[in-house]
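Notes follow once the structure below has been shown.
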Amino acid sequence: MKPLSVAFLWHMHQPIYKEGASGKYLLPWVRLHSLKGYTDLPVLSEKNQGFRQTINFTPSLLVQLDEYVNNPAIKDDFLEITKKPADKLTEEDKQFILKNFFMNNLERIIHPHLRYNELFQKRGHRFIPQEAQTYLKRFSTQDFLDLQVLFNLMWFGFSARKIYPRLEVLIKKNRNYSEEEKLEVIELQWQVMRDIIPRLKRLQESGKLELTCSPFYHPILPLISKHSEKDQGFGWQEDAKWQITKARDLFENFFGVKPQGMWPSEGSVSESAVSLIAESGFRWIATDEEILLHSLANPKREQEIYEPHQISFSANPLNMFFRDKVLSDLIGFGYHRSSHVDAVEDLIRRLHNIQEQVSTFTGNHVVSIVLDGENPWEFYPEGGEPFLNLLIERLAQEPRLKTVTFSDYLDDNPQSKRLEKLYAGSWINHNFNIWYKHSEDLAAWKIVDETRKFVKHEETALAPEIREKVWNEIYMAEASDWYWWFGDEFFTETGDIFDHLFRSHLIQAYHLLGKRTPGFLRDPIKSVSKPHLRFEPQGLIQPVLDGKVTHYYEWANAGLYQREHLGGAMYESSQILDSIYYGFNLTDLFLRLELREKPDAEHNVVIHIQGRQDFDVQFPVLNPKSLEVFKVDEHSRAKISTLTDSIATEKIIELKIPFEVLNGRPGDTLNFSVAVYKNDVKLEECPRNGMIQTPIPGKDYEAQMWSV
């Protein structure tokens, strides 16, 4: 049986965080992510000779990295606040620190670190500006100094900590840092950043990895290169061509060779977009499996997605790889919840199963695993080091599997299947709705269009160097990131900054033209959004299990958790769950689940419950008749009970679980999460991190509630 090729592509991407007029970096994510993903993944290739991987860097990220390293006058708001001596901080500085310096993963980074968690608990889970004076009274000068150090220190990844042992010494110190140690942390950040691009160039030149790029400012190419009225977006073919060719040229300037491959922003493709990519000399691109399956008349997934397909919508043919969505999402969203041993063994098992499936087909095959290369590791224990190291070790031991780059595979397999037509879509729901559907998205695109038309009218009178700068600001405003955060699909505490940055580039275009800023650029586009809400139970409840809200008061005293579908820079391909109401009487735990999307027959819900013992309560989402209860420990999962008359579905899902079945006693605390599986693959879990906590009430529970 021939070895199965496995091609990993890690996508590294940040938008331009520099404000158009001031030149200040308003957000620190290029600098801080440099300390983790941009260093950790390349070092894996440095240390593991046989491990082949492809890493994609957006040019907008590379130019910012380069400026951080080579411009000593760089302005970074977060950095300036960090450098300022703690005893010289103004009240405004202190509020900035308390609001922003806990932007780190709670479960994996803040809670495990004694001092960082102590400071977090002192501030509270959310910074409320109206209560700023209360916060400030709690914090001493040393508290602020420790927080300045810890926010910057805890971003270093596992590779940097090994390369610079001083980091581990500083982390173990835990508290009472000095101003000199704070400056030492900043200098170590610069040492890590200085190594990134030279390391990537060395690894590319030695053939240890393949580097690729995305369009320059990460635009959704199909939206700016539509070629017919049926397409969404704008017919700005020249903009799309600039984004592609300038990306290619900058890559060659940094690394000495033209890139062979491209990850189109958000995996977004259309016939017009891929024609421009092919004409620019790229050999291959990658996108999502759904694009291929929607491009074929009678698709058979396993027979199609594990082979590249070649398209020829221009004079130059282009090879397309299609990512395995299940495996990519498991690494991106699922495996961090398991032990690294179980996660790696599950991935190897799945790859073996794929090999057995494709061995019955003719030709060679490749499994493309493509995902975000920087954000997932914040959710993994130890920054993903145990998982990644074991994965590489296991892959090296497997004669049935071999890691390749995408160009490796094409070198060995130059003939690809032909694809006659291409479905236009992205890796998210095979459409462009995230960036084009919401009224805020459309408002943003409208002002880009207005600015673009104005520049077209004025540009003939411009000097060439000014014209180039003006258009560069417009190209920045085409980046996908602004439209990701517009609308109500996602939430970030810095949404107002993204809105401001977007408009700042268009405002700067008018300034460069010597024109007044039009009024439509002064007002924010983004409305105020709120993250998921969570209310604790306020009293006992006794809902009727009929699958509908029989009357308002039956769930009035319940706790409410609205899932964090507004929650971040990564997108889970499944978002079925919306809200979880939870409450109890003296004998039962009650849950009410509300769904965002229609499930299908393969979807199952598993409620993971931790108490004196651990349990799973499982049922199919469609037409459940009963609840299956499993007792879970480290080594087994055994069914112990079937609960009938305990669940009902119609407009909502209502269910009850007796505390007795869970071996719970009054006064105990239960922790639970709700997960959706499809064919044994976990698609989503709420909460994404941590669990919802609820008490088991005693007879005096309501009396205690009223006394409070």
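The values are calculated or read from the model by the stated rules, or taken from the named source; none is laboratory data. Remember, predicted model here, so these are calculated numbers, not experimental data. With ideal geometry, Cβ positions are generated from the backbone for all residues, glycine too; neighbour counts draw on all protein chains shown.
Please count how many residues of the range 276-304 are within 26 Å of the chain's Cα centre (by Cα) and free of Cβ contacts under 8 Å to residues at least 40 places away in the same chain.
Kept after step one, since they are within 26 Å of the chain's Cα centre (by Cα), are these residues of the range 276-304: 277, 284-294, 301.
From what's left, free of Cβ contacts under 8 Å to residues at least 40 places away in the same chain: 285, 289, 293, 301.
Number satisfying all stated conditions: 4.
Selection of helices (runs of 4 or more DSSP H) fully inside the range 277-387 by the criterion of at least 2 residues being closer than 25 Å to Cys686 by Cβ returns 325-329, 340-358. Residues that are surrounded by fewer than 18 Cβ atoms within 10 Å (Cβ to Cβ) and over 27 Å from the mean Cα position of the chain (by Cα) were ranked within the range 589-610; the one that is nearest to Gln562 (Cα to Cα) is Gln610.
For Thr245, the criteria (1) of a type in the set (Ser, Thr, Tyr); (2) within 21 Å of Lys421 (Cβ to Cβ); (3) not in a strand (DSSP E or B) hold in every case but one, which is (2).
What about Val605, is it closer than 29 Å to Asn429 by Cβ, at pLDDT 90 or above, assigned to a strand (DSSP E or B) and in contact with a strand residue (DSSP E or B) (Cβ under 7 Å, 6 or more places away or on another chain)? I'd like the intermediate steps shown before the answer.
On the way: closer than 29 Å to Asn429 by Cβ: yes; at pLDDT 90 or above: yes; assigned to a strand (DSSP E or B): yes; in contact with a strand residue (DSSP E or B) (Cβ under 7 Å, 6 or more places away or on another chain): yes.
Yes, satisfied.
Report, by residue number, each residue of the range 462-509 that is assigned to a helix (DSSP H, G or I) and acidic (Asp, Glu). Correct list: Glu465, Glu468, Glu473, Asp481, Asp496, Asp499.
The rows are residues; the columns are (1) touching a residue at least 60 places away in the same chain (Cβ under 8 Å); (2) buried (at least 16 other Cβ atoms within 10 Å of the Cβ).
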site	(1), (2)
His218	yes, yes
Pro222	yes, yes
Ser225	no, yes
Gly233	yes, yes
Gln237	no, yes
Asp249	no, no
Lys258	no, no
Gly267	yes, yes
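Scanning the range 510-526 for residues that are outside any loop (DSSP other than H, G, I, E, B) and at pLDDT 90 or above turns up Tyr510, His511, Leu512, Leu513, Leu521.
Just for the range 398-443: of the residues that are of a type in the set (S, T, N, Q) and modelled with pLDDT under 95, which one is surrounded by the fewest Cβ atoms within 10 Å (Cβ to Cβ)? For the range 398-443, the residue satisfying everything is Gln415. Is at least one residue of the range 540-558 modelled with pLDDT of 80 or more and under 20 Å from Leu683 (Cα atoms)? No, every residue in the range 540-558 fails to be modelled with pLDDT of 80 or more and under 20 Å from Leu683 (Cα atoms). Across the range 497-507, a minimum of one residue is classified as at negative phi, surrounded by fewer than 19 Cβ atoms within 10 Å (Cβ to Cβ) and not β-branched (Val, Ile, Thr).
Determine if the range 83-106 includes at least one residue that is of a type in the set (Val, Ile, Thr) and in a loop (DSSP other than H, G, I, E, B). Walk me through it before giving the result.
Step one: list which residues in the range 83-106 are of a type in the set (Val, Ile, Thr), which gives 90, 97.
Keeping just the survivors that are in a loop (DSSP other than H, G, I, E, B) gives 90.
Within the range 83-106, one or more residues are of a type in the set (Val, Ile, Thr) and in a loop (DSSP other than H, G, I, E, B).
In a residue-by-residue description of the range 619-637, the property of being of a type in the set (Ser, Thr, Tyr), loosely packed, with under 15 Cβ neighbours inside 10 Å, under 23 Å from Pro537 (Cα atoms) and over 24 Å from the mean Cα position of the chain (by Cα) applies to no position. The test for being under 21 Å from Arg337 (Cα atoms), aliphatic (A, V, I, L, M) and either touching a Lys or Arg at 6+ places or on another chain (Cβ under 7 Å) or assigned to a strand (DSSP E or B) (or both) does not hold for Ile657. Filtering the range 111-139 to residues that are closer than 20 Å to Phe78 by Cα and in contact (Cβ under 8 Å) with a residue 12 or more places away in the chain leaves Tyr116, Leu119, Phe120, Arg123, Phe127, Pro129, Ala132, Tyr135, Leu136, Phe139.
Scanning the range 206-216 for residues that are in contact (Cβ under 8 Å) with a residue 24 or more places away in the chain, within 21 Å of Phe8 (Cβ to Cβ) and not hydrophobic (A, V, I, L, M, F, W, C) gives Lys208, Glu210, Thr212, Ser214. Filtering Phe127, Phe120, Phe151, Phe139 for residues that are within 19 Å of Leu32 (Cα to Cα) and of a type in the set (Phe, Trp, Tyr) leaves a single hit, Phe151.
Residues checked against (1) under 18 Å from the mean Cα position of the chain (by Cα); (2) closer than 24 Å to Val43 by Cβ:
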{"position": "His336", "(1), (2)": "yes, yes"}
{"position": "Asp342", "(1), (2)": "no, no"}
{"position": "Ile348", "(1), (2)": "no, yes"}
{"position": "His352", "(1), (2)": "no, no"}
{"position": "Gln355", "(1), (2)": "no, no"}
{"position": "Phe361", "(1), (2)": "no, no"}
{"position": "Ile369", "(1), (2)": "yes, yes"}
{"position": "Asp372", "(1), (2)": "yes, yes"}
{"position": "Gly383", "(1), (2)": "yes, yes"}
